[in-house]
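In what follows, a single structure is set out as structure tokens and then discussed.
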Amino acid sequence: MFVVDDDPDVRVALDRLLRASGWQVKAYASAGEFLDGPPRGGRGCVLLDVNLPGMSGPELHERILERGIAYPVVYLTGNCTLSTGVRAMKAGALDLLEKPFDEVELLRVVELAITRDADRLTSAARLDGIRGRLARLSPREREVMDHVVAGRLNKQIASDLGIAEKTVKVHRGRVMAKMEVRSVAQLVHLCDELAASARH
């Protein structure tokens, strides 16, 4: 759990509340301090003050995204304007809570953020596994897979690639084994997952 707020009283209050709920907490007094020692690995979320001195909360959020830090962000603000709220949501903030915050509501949002981050990590691990299987394919097996996923028949693939149909069957069998699928539908689903992740 990561807190970025220039108010020491707020940092202490959040530290106590979150630790009492079983979370490990690291607090930062400024955007620069956060960027000098950004969090890495594991589940978490960032509780981010909107009105930080120097670099604002939304500006820091943009830097966080640029660095590929994917933790959910929850904004905290003592003076929320419509433009601030819109900017926060456009940047992908999970929520925006006004100070003084309600402890029950804050903990509810934190639980939601942690659950979302756990889902992200699970999805990332699954995609890494699929990419690892894909990397085991030979160039020819990858060609055959692309044709299979496109709905081509063995005879058509053989003609397209200038190889024997029985050779296509051998490559196709190896593709299915290496990709750890039992049907073309499963293979298509894995490829669709990878394509969708590349678009985001």
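Key figures for this structure:
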quantity: Accessible-area value, residue 7, 1.4 Å probe, nucleic acids and ligands omitted, Å²; calculated: 60
quantity: With at most 10 other Cβ atoms within 10 Å, longest stretch of the chain clear of loop trypsin sites (Lys or Arg not before Pro) (DSSP); calculated: 68-181
quantity: Between the range 108-176 and the range 5-39, the Cα center-to-center distance that results, in Å; calculated: 42
quantity: Built amide H within the under 5 Å cut-off of residue 97, gap 5+; calculated: 75, 76, 77
quantity: Net charge, residue 13 excluded, C-beta distance under 13 Å - Lys, Arg +1, Asp, Glu -1; calculated: -3
quantity: Eligible lysines near residue 178 by straight Cα distance, threshold 20 Å, same-chain separation 8 or greater; calculated: 166, 169
quantity: Total charge dipole magnitude, the range 58-200, about the Cα centre, Cβ charges on Lys, Arg, Asp, Glu only, Debye to nearest 20; calculated: 1100
quantity: Average accessible area per residue (Å²) across the chain - probe 1.4 Å, nucleic acids and ligands excluded; calculated: 55
quantity: Anisotropy class of the range 1-124 from Cα gyration tensor, a/c 1.5 cut; calculated: rounded
quantity: Cβ-based charge dipole, the range 1-142, positive-most Cα from 69, 110, 57; calculated: 69
quantity: Whole-percent carbon and sulfur share, accessible surface of the chain, 1.4 Å; calculated: 51
quantity: Tail fraction, Cα-Cα pairs, the range 86-147, threshold 14 Å, whole percent; calculated: 73
quantity: Length-normalised contact order of the range 1-119 in % [C-alpha pairs under 8 Å, at least 6 apart]; calculated: 24
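The values are calculated or read from the model by the stated rules, or taken from the named source; none is laboratory data. Here the structure is a predicted model, which is why all the values come from computation and not from measurement. Here Cβ is always computed from backbone atoms with ideal geometry, including for glycine, and neighbour counts include all displayed protein chains. Calculation scope for accessible area: heavy atoms of the full protein, side chains included, ligands and nucleic acids excluded. Shrake-Rupley method; radii C 1.70, N 1.55, O 1.52, S 1.80 Å.
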